[in-house]
Amino acid sequence: MTLLEILEKKKKKNSLTEEEIRFWIEGMGKGLFPDYQISALLMAIVLNGMDEEETFYLTDAMLHSGETIDLSSIEGIKVDKHSTGGVGDKVTLILAPLLASFGLKVAKMSGRGLGHTGGTIDKLESIPGYQVELDRESFIKQVNEIGVSVISQSGNLVPADKKLYALRDVTATVDSIPLIASSIMSKKLASGADFLFIDVKVGNGALMKNLEDAKKLAQTMIQIGNRYGKKTVCILTNMEEPLGYAIGNALEVEEAIHTLQGTGPEDVMELIIKITGLIVSKTQDISCEEAEQQCFKKFNTGAAYQKFEEMVKRQGGDLSRLEISNRIFSVRSAKAGYVTKINALGLGEIARKIGAGRLTKEDKIHYQVGLLLHKKVGDFVEVNEELVKVYLDDKDIKVNDILDCFTIEEEPTQKEPLIYEIID
Ligand code: URA
């Protein structure tokens, strides 16, 4: 068997066998295949898909490509959350400490940015000193002691995903249901939590552009979870416009801090409270409404923010040194009217180009750059009023590229709901 034969088979829309999928993933782990063949296979999968069995075998082969984590020495209920990725999605930064303040255990391994979407680890690394790599013992000790740690996926945890993720990011092969489902579920299954919660983003700023595909992805992940006996719940949420106002690493950390203090943007607060209510009520003896109410207490008493501060400090981070660029440019509206649409994908790409994300595998992130929206869908804007503040480093922007991301009309439109559906 050769990878070329497998590639031919997928090109002709045939299903791959378990043996062929294991040959690919195991051989890749041994460095037997060149990146161009792996990338071509990824593209064939994007174009021709994979059925349920292939997706399961791919997940399983990836899951066993490295070590798995045993969290049994952590006392209490271990919860894990994942997002399929969006623009301005800083939910993990807020949710992880908030859940810990409810007594749940969050031993979380997160990823870097993928395509136009940001990654939690890049965001955390914008905090000077924050160590995203902890040895296993320190990770478990920290979760036992303070309830939460967010680190990067270690080199040995699903190394197959690490390799594929980096290739997919730069070969336009991100948006495929079997590739996304196997990537997410292999990591989540290897990470050892008792309960998985997945936020499937839907809309132009997300990997899933419509509800139908998002449902398919959610069902695929739940099916995989069921085959391993792992309780998996998905929430489908709106990513037609960016989440919150901030896009870019350090800017998003700042917005996450405001949310933990109870003063975050309305949409971020709504989403956090809903997800927390669901997770807490499914894992503890408390109703969803009660858990939602308790979130406000955690914000108002400072309990949620203190958990975040504690986590950052334990991992060496210094929040007093969080920096936003001082090379600032204001983009102003050319006309008056209601903002009826914001192109989240377009803004995500602009943020990526000015350095908030990567265009090649080797690119270094500029943590201090990004975009801060001043208007969201439904808001009225005057002529010449500020729409976006852009924080730049060594790259420039074209004002029209940003203006083109905003649709401004005389009449307001009906806003889409933030939360579409919960599937379990
Ligand atoms: N998140 C992941 O971890 N993997 C994907 O493929 C997409 C989003």
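Check whether at least one residue in region 94-110 is more than 30 Å from LYS282 (Cα to Cα), touching a residue at least 40 places away in the same chain (Cβ under 8 Å) and not β-branched (Val, Ile, Thr), and report yes or no. No. Could you go through region 358-366 and let me know if any residue there is surrounded by 17 or more Cβ atoms within 10 Å (Cβ to Cβ) and among the charged types (D, E, K, R). Yes, region 358-366 contains at least one residue that is surrounded by 17 or more Cβ atoms within 10 Å (Cβ to Cβ) and among the charged types (D, E, K, R). Yes or no: VAL150 β-branched (Val, Ile, Thr), in contact (Cβ under 8 Å) with a residue 24 or more places away in the chain, part of a loop (DSSP other than H, G, I, E, B) and open to solvent by less than 20 Å² (accessible area, probe 1.4 Å)? In short, no.
Of all the residues that make up region 250-297, how many are acidic (Asp, Glu), over 30 Å from ARG321 (Cβ atoms) and in a helix (DSSP H, G or I)? First the steps, then the outcome.
So in region 250-297, the residues acidic (Asp, Glu) come out as 252, 254-255, 266-267, 270, 285, 289-290, 292.
Among the residues that remain, those that are also over 30 Å from ARG321 (Cβ atoms) are: 270, 285, 289-290, 292.
Still in the running and in a helix (DSSP H, G or I): 270, 289-290, 292.
Residues in region 250-297 being acidic (Asp, Glu), over 30 Å from ARG321 (Cβ atoms) and in a helix (DSSP H, G or I): 4 in total.
Filtered by the rule that a residue be buried (at least 21 other Cβ atoms within 10 Å of the Cβ), more than 9 Å from the ligand (Cβ to nearest atom) and charged (D, E, K, R), region 172-200 gives a lone residue, ASP199. When region 160-171 is filtered for residues that are more than 8 Å from the ligand (Cβ to nearest atom) and over 11 Å from SER39 (Cα atoms), the ones remaining, listed by number, are ALA160, LYS162.
If the requirement is being buried (at least 17 other Cβ atoms within 10 Å of the Cβ), modelled with pLDDT of 90 or more and either in contact with a helix residue (DSSP H, G or I) (Cβ under 6 Å, 6 or more places away or on another chain) or not aliphatic (A, V, I, L, M) (or both), which of these qualifies: ASP161, ASP169, ASP135?
ASP161
Residue by residue, here is whether (1) without any contact (Cβ under 8 Å) to a residue 60 or more places away in the chain; (2) surrounded by fewer than 18 Cβ atoms within 10 Å (Cβ to Cβ); (3) more than 30 Å from ASN343 (Cα to Cα) holds:
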position: LEU3; (1), (2), (3): yes, no, yes
position: LYS9; (1), (2), (3): yes, yes, yes
position: GLU19; (1), (2), (3): yes, yes, yes
position: ARG22; (1), (2), (3): yes, yes, yes
position: ILE25; (1), (2), (3): no, no, yes
position: ALA44; (1), (2), (3): yes, no, no
position: ASP51; (1), (2), (3): yes, yes, yes
position: TYR57; (1), (2), (3): yes, no, yes
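Restricting attention to region 206-217 and to residues that are of a type outside the set (S, T, N, Q) and either more than 13 Å from the ligand (Cβ to nearest atom) or surrounded by fewer than 23 Cβ atoms within 10 Å (Cβ to Cβ) (or both), the residue that is nearest to PRO417 (Cα to Cα) turns out to be LEU211. Scanning region 77-114 for residues that are farther than 22 Å from ALA190 by Cα and surrounded by 24 or more Cβ atoms within 10 Å (Cβ to Cβ) yields a count of 8.
Residues checked against (1) in contact with a Pro (Cβ under 9 Å, 6 or more places away or on another chain); (2) within 19 Å of LEU189 (Cβ to Cβ); (3) among the acidic types (Asp, Glu):
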{"site": "ASP35", "(1), (2), (3)": "no, no, yes"}
{"site": "MET43", "(1), (2), (3)": "no, no, no"}
{"site": "GLY49", "(1), (2), (3)": "yes, no, no"}
{"site": "PHE56", "(1), (2), (3)": "no, yes, no"}
{"site": "ALA61", "(1), (2), (3)": "no, yes, no"}
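So, in region 314-368, exactly how many residues are assigned to a helix (DSSP H, G or I), free of Cβ contacts under 8 Å to residues at least 40 places away in the same chain and under 23 Å from the mean Cα position of the chain (by Cα)? Outline the logic, then answer.
Here is the first cut: in region 314-368, the residues assigned to a helix (DSSP H, G or I) are 314, 319-321, 344-356.
This time we only want the ones that are free of Cβ contacts under 8 Å to residues at least 40 places away in the same chain, so: 320.
Cutting the leftovers down to under 23 Å from the mean Cα position of the chain (by Cα) gives us none.
Residues flagged as assigned to a helix (DSSP H, G or I), free of Cβ contacts under 8 Å to residues at least 40 places away in the same chain and under 23 Å from the mean Cα position of the chain (by Cα) within region 314-368 amount to 0.
State the number of residues belonging to region 88-132 that are in contact with a helix residue (DSSP H, G or I) (Cβ under 8 Å, 6 or more places away or on another chain) and part of a loop (DSSP other than H, G, I, E, B). So the answer is 16.
Could you tell me whether region 167-184 includes any residue that is basic (Lys, Arg), under 24 Å from LEU58 (Cα atoms) and not in a strand (DSSP E or B)?
Within region 167-184 (the criterion being basic (Lys, Arg), under 24 Å from LEU58 (Cα atoms) and not in a strand (DSSP E or B)), the answer is yes, since at least one residue qualifies.
With respect to SER72, is the statement that it is of a type in the set (Ser, Thr, Tyr), in contact with an Asp or Glu (Cβ under 8 Å, 6 or more places away or on another chain) and part of a loop (DSSP other than H, G, I, E, B) true? Judged against the criteria, SER72 is not a match.
Test THR117 against the criterion of being crowded, with 22+ Cβ neighbours inside 10 Å, free of Cβ contacts under 8 Å to residues at least 60 places away in the same chain and within 29 Å of GLY277 (Cα to Cα), and give yes or no. Here the answer is no, as THR117 does not meet what is asked. Looking at region 332-353, is at least one residue out of contact with any Asp or Glu (no Cβ under 8 Å at 6 or more places or on another chain) and either surrounded by fewer than 13 Cβ atoms within 10 Å (Cβ to Cβ) or farther than 30 Å from VAL174 by Cα (or both)? Scanning region 332-353 turns up at least one residue that is out of contact with any Asp or Glu (no Cβ under 8 Å at 6 or more places or on another chain) and either surrounded by fewer than 13 Cβ atoms within 10 Å (Cβ to Cβ) or farther than 30 Å from VAL174 by Cα (or both). Applying the condition of being of a type in the set (Ser, Thr, Tyr) and away from the ligand (no atom under 15 Å from the Cβ) to region 71-120 and asking which residue is nearest to the chain's Cα centre (by Cα) yields SER101. If you check LEU251, LEU196, LEU211 for being touching a helix residue (DSSP H, G or I) at 6+ places or on another chain (Cβ under 8 Å), touching a residue at least 40 places away in the same chain (Cβ under 8 Å) and not β-branched (Val, Ile, Thr), only one passes: LEU196.
The values are calculated or read from the model by the stated rules, or taken from the named source; none is laboratory data. Fair warning: this is a prediction, and the values are worked out from it, not measured in the lab. In this analysis, Cβ positions are derived from the backbone assuming ideal geometry, glycine residues included, and neighbour counts consider all displayed protein chains. Side chains included, ligands, DNA and RNA excluded: accessible areas come from the protein's heavy atoms. Shrake-Rupley method; radii C 1.70, N 1.55, O 1.52, S 1.80 Å.
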